[in-house]
Every structure is written in structure tokens, then in C-alpha cells.
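Enquirer: Please find one structure pasted underneath; my questions will follow.
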Ligand code: PMP
């Protein structure tokens, strides 16, 4: 572990913002910092390759198309998908999840149901709420237990022969809770339901194999895993592709459009291109590919181990400090094996925004509020929100000490 920590410390030099700004950045669950390698790849695309993709026979366009296709291949390897055509680029997790909801939800009927959990980010909740109102199907919501883990017994009891989709987070963006997706996959298979997984928080932090997990769809965002904003991914398992029609259409996704006898007939391109209408975010894709290369070079096992080490240090510091321990409420499982490096907390009788502003006065960036998960905050009785410190590869134990010291000051002065 000592060697591992030394390596991670040296990568801080790769993040220019850590040199140009005085900041302890604990907001990576909102968006991660970007290394020089990613910034340079995006700039190189604009300086050396600017051109549209899949639209020209001239060399620039062919080079840009190759870079764009290579980016799909990098992501395929990163999530251990079997085929390149399973990797669809979108603008981010939100678009990916809306795409799935519209693709699957528009054909559901009032006797059908879709199962989600109370931990969902609004991105994996509101599209299903909207579709359930349009189509009349039931939305069933699985709860969490008091230890902040998913209630798997309730999940089993809510899923039945009328369940057409289970759409669930892999890692809660508030509690850090990891969901046992393999187990959920077994439950989905028993009733022939589609399994959609929101990997926005898990994919940047732990090794992912979509094959091992047994998912049909997986959504995630480039910007939370060192990549640029405006690029994301929807993994679509080969075996489910034939049953799908693109809900959003336009240029760049058809083989042919014919108008005969007053009727239009459309022949779509193969996957994944038929799900990427319009000019895609080419620079974003190139940047994401570089981010993925960066993470693969570090090794996702190492990324996970480093995150766990920081998390364990932070949790033990916060819960054992003689000043803070009695004044802090930490949400999320105690068991490190089933959680990621996100720590949501409150200081008793303190508004989370006030605590976050206080930390900001020490150049410590945390997020406060309801984190686009209002029903979850209702469930954990934190209606005013929580303070969320989210950790990543460039953070250090010294930074955690600095946050603990600032919280000690806060507790001394205001509670
Ligand atoms: N799901 C989860 C679990 C998230 O944390 C987020 C981002 N906060 C999203 C979905 C939405 O991601 P994006 O804003 O990149 O579309």
C-alpha cells in the first residue's frame, strides 16, 4: 500500500488546476478534475483534426472518424464489453438514461411495472416518472434498510412477471452505497426484465465488467472520470439490440431514407451509430478516450484500493475525533466493502450550505444540498440536505486532515 500511495501522490502534478488554484477538491462526484493529458487531447483534436465524422472522404474527416471510433474501442475495453457496437456515445448519464427510458418505456402498458430504488439520482427517476404518466405503467420503488444498504428482500418481493425493467444505481451519489448488481441481474433474468444500471459514480472508481455484472444497459459520464463535460456512454448489450428502435433521430444515423407512395421508409445504420444522431461531441470523445487510457494505466484495482484507503481514513478520523464525533451525523454504510468514497454528513443543528461555505473559506470544496436525490433525503430524514465530500485519485490524507481541522473549528465556534 505504501508504494501505491507514493504513486498516487505523484499524479497530482498531472492536474494543472491543483497548481493554478489553492483548493482541496472534494467534489469529484459532481465532476472530476482533468489531467493535462486529457486537456491536450481535446486541444489537439481542435488544432490538428477538426472535421466532422462519418461524413466525408477527405483525409481530415477520415482521421477524425478514426479517432472517434478508437474512442469507442477504448471505452469498450475499459468496461469489458464484448463488442464495439455495444458502446453508444451520448452527452452524459442523464441523456443515456433518458434514451433507455424512452426506448423501453414507450412500449409499456398499464399492467406492466418498472422497478427503481429510493437511492436514485433524479436522472434515473424522473424519466421513468414521466414515462409512467404517459403510458400508465406502475413505478415500484425499493427502499433501503437502516444500515443504508438496498433492501434486497423488498426488491425480490416487488419484482414479478409484470416487471419489464429494473433500473437501478450501482453506487449512490449521496450514501456511497454499492448495489450488488450481479444479484439484481439474477432477479431480473428470472422474470425476463431488462436491467438498466446507472454507473455514473461507480465506473470512475471501481473496475467494471459489464459482462460479469450481467447488465443490459449501463450509463455513465465522461466528466466524472477525468474526461471532458458533454460526453457520456450508454452500454447496450448485443442481445437486446435487435428489439430497439432509436427514439431520437436525425442526420448521420441512416443507411437510407426513401419516400415512395406517400410513405417514408427508413433503414437505420448498424449499432452504435444508429443511436448517435447529429454531429457528436467528437472532441469530448477524444478526451474521454484519453481519460480512459489514463485510468487504465493507473489500474482500476489501484484506483479502487486508493479510494478505499482514503475513505477508511476519513471515516475513522471524522467518527473518532473527540470534538466532532458527537456533533456529526455520517450517512451511508459502515461496512467499507459495500460502499464507495463518497461521504455525506451533517453537523448537528447546522444547515449543510453553511457548513460547506465555512469549509470553502478554508479553500475546501465540498458540495451541499439535496444532490439531485430529493426522495432519498426524505428517506434519511435530511430534508435540508447533506454536506458531501467526495474523494478521488488526486486527494491525500493531509487534505482529509485539513477538512477535519476546519470542521473542528466550525464545531468549536458554532455548536
Ligand atoms: N446518476 C448519478 C448517480 C449521478 O451522480 C449523476 C451526476 N451527479 C448523474 C446520474 C447525472 O450525470 P450527468 O449530470 O453527468 O448527466
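The values are calculated or read from the model by the stated rules, or taken from the named source; none is laboratory data. Being a predicted model, the structure only gives us computed values, none of them experimental. Cβ: placed from backbone, ideal geometry, glycine included. Neighbour counts: every protein chain shown.
Enquirer: Kindly indicate the residue of segment 16-29 that is within 16 Å of the ligand (Cβ to nearest atom) and not in a loop (DSSP other than H, G, I, E, B) and also surrounded by the fewest Cβ atoms within 10 Å (Cβ to Cβ) among those meeting that condition.
Expert: Among residues in segment 16-29 that are within 16 Å of the ligand (Cβ to nearest atom) and not in a loop (DSSP other than H, G, I, E, B), the one surrounded by the fewest Cβ atoms within 10 Å (Cβ to Cβ) is 27.
Enquirer: With respect to the numbered conditions (1) more than 20 Å from the chain's Cα centre (by Cα); (2) modelled with pLDDT of 95 or more, which one is the sole condition not fulfilled by residue 334?
Expert: (2)
Enquirer: Ok, one more. Can we say residue 105 is surrounded by 15 or more Cβ atoms within 10 Å (Cβ to Cβ), on the phi > 0 side of the Ramachandran plot and at pLDDT 95 or above?
Expert: no
Enquirer: Quick check, is residue 13 away from the ligand (no atom under 16 Å from the Cβ), not in a loop (DSSP other than H, G, I, E, B) and not assigned by TED's automatic domain parsing to the domain that holds residue 161?
Expert: yes
Enquirer: Within segment 52-79, which residues are farther than 18 Å from residue 275 by Cα, touching a residue at least 24 places away in the same chain (Cβ under 8 Å) and not in a helix (DSSP H, G or I)?
Expert: Passing the criteria: only 79.
Enquirer: Could you list all residues from segment 184-220 that are within 13 Å of the ligand (Cβ to nearest atom) and either out of contact with any helix residue (DSSP H, G or I) (no Cβ under 7 Å at 6 or more places or on another chain) or outside any strand (DSSP E or B) (or both)?
Expert: Passing the criteria: 199, 200, 201, 202, 203, 204, 205.
Enquirer: Checking residue 32 against (1) within 16 Å of the ligand (Cβ to nearest atom); (2) touching a helix residue (DSSP H, G or I) at 6+ places or on another chain (Cβ under 8 Å); (3) in a helix (DSSP H, G or I), which test does it fail?
Expert: Unmet for residue 32, out of (1) within 16 Å of the ligand (Cβ to nearest atom); (2) touching a helix residue (DSSP H, G or I) at 6+ places or on another chain (Cβ under 8 Å); (3) in a helix (DSSP H, G or I): (3).
Enquirer: How do the strands (runs of 3 or more DSSP E) wholly within segment 221-280 filter down when requiring 3 or more residues that are more than 26 Å from the chain's Cα centre (by Cα) and either more than 17 Å from residue 84 (Cβ to Cβ) or outside the structural domain of residue 210 (by TED's automatic domain parsing) (or both): which remain? If you could, list the steps in order and put the result at the bottom.
Expert: Numbers: elements: 232-236, 254-260, 263-268.
Counting at least 3 such residues, we get 254-260, 263-268.
Enquirer: State all residues of segment 126-174 that are within 21 Å of residue 190 (Cβ to Cβ), within 15 Å of the ligand (Cβ to nearest atom) and out of contact with any helix residue (DSSP H, G or I) (no Cβ under 8 Å at 6 or more places or on another chain); if no residue qualifies, say none.
Expert: Passing the criteria: only 150.
Enquirer: Which condition number does residue 178 fail, the rest of (1) surrounded by 15 or more Cβ atoms within 10 Å (Cβ to Cβ); (2) over 21 Å from residue 299 (Cα atoms) being met?
Expert: (2)
Enquirer: Being over 30 Å from residue 55 (Cα atoms), in contact with a strand residue (DSSP E or B) (Cβ under 9 Å, 6 or more places away or on another chain) and touching a residue at least 12 places away in the same chain (Cβ under 8 Å) is the requirement here; does residue 341 meet it?
Expert: yes
Enquirer: Looking only at segment 287-297, decide whether some residue is in contact with a strand residue (DSSP E or B) (Cβ under 6 Å, 6 or more places away or on another chain), modelled with pLDDT of 95 or more and surrounded by 13 or more Cβ atoms within 10 Å (Cβ to Cβ).
Expert: Within segment 287-297 (the criterion being in contact with a strand residue (DSSP E or B) (Cβ under 6 Å, 6 or more places away or on another chain), modelled with pLDDT of 95 or more and surrounded by 13 or more Cβ atoms within 10 Å (Cβ to Cβ)), the answer is no, since none of the residues qualifies.
Enquirer: For segment 221-248, give me each residue that is modelled with pLDDT of 95 or more and more than 12 Å from the ligand (Cβ to nearest atom).
Expert: Selection gives 226, 235, 236, 237, 238, 239, 240, 241.
Enquirer: Consider segment 80-125. How many of its residues are within 16 Å of the ligand (Cβ to nearest atom) and part of a loop (DSSP other than H, G, I, E, B)?
Expert: Matching residues across segment 80-125 total 7.
Enquirer: Where in segment 311-415 are there helices (runs of 4 or more DSSP H), lying wholly inside it, with at least 1 residues that are crowded, with 21+ Cβ neighbours inside 10 Å and more than 15 Å from the ligand (Cβ to nearest atom)?
Expert: 352-360, 397-414
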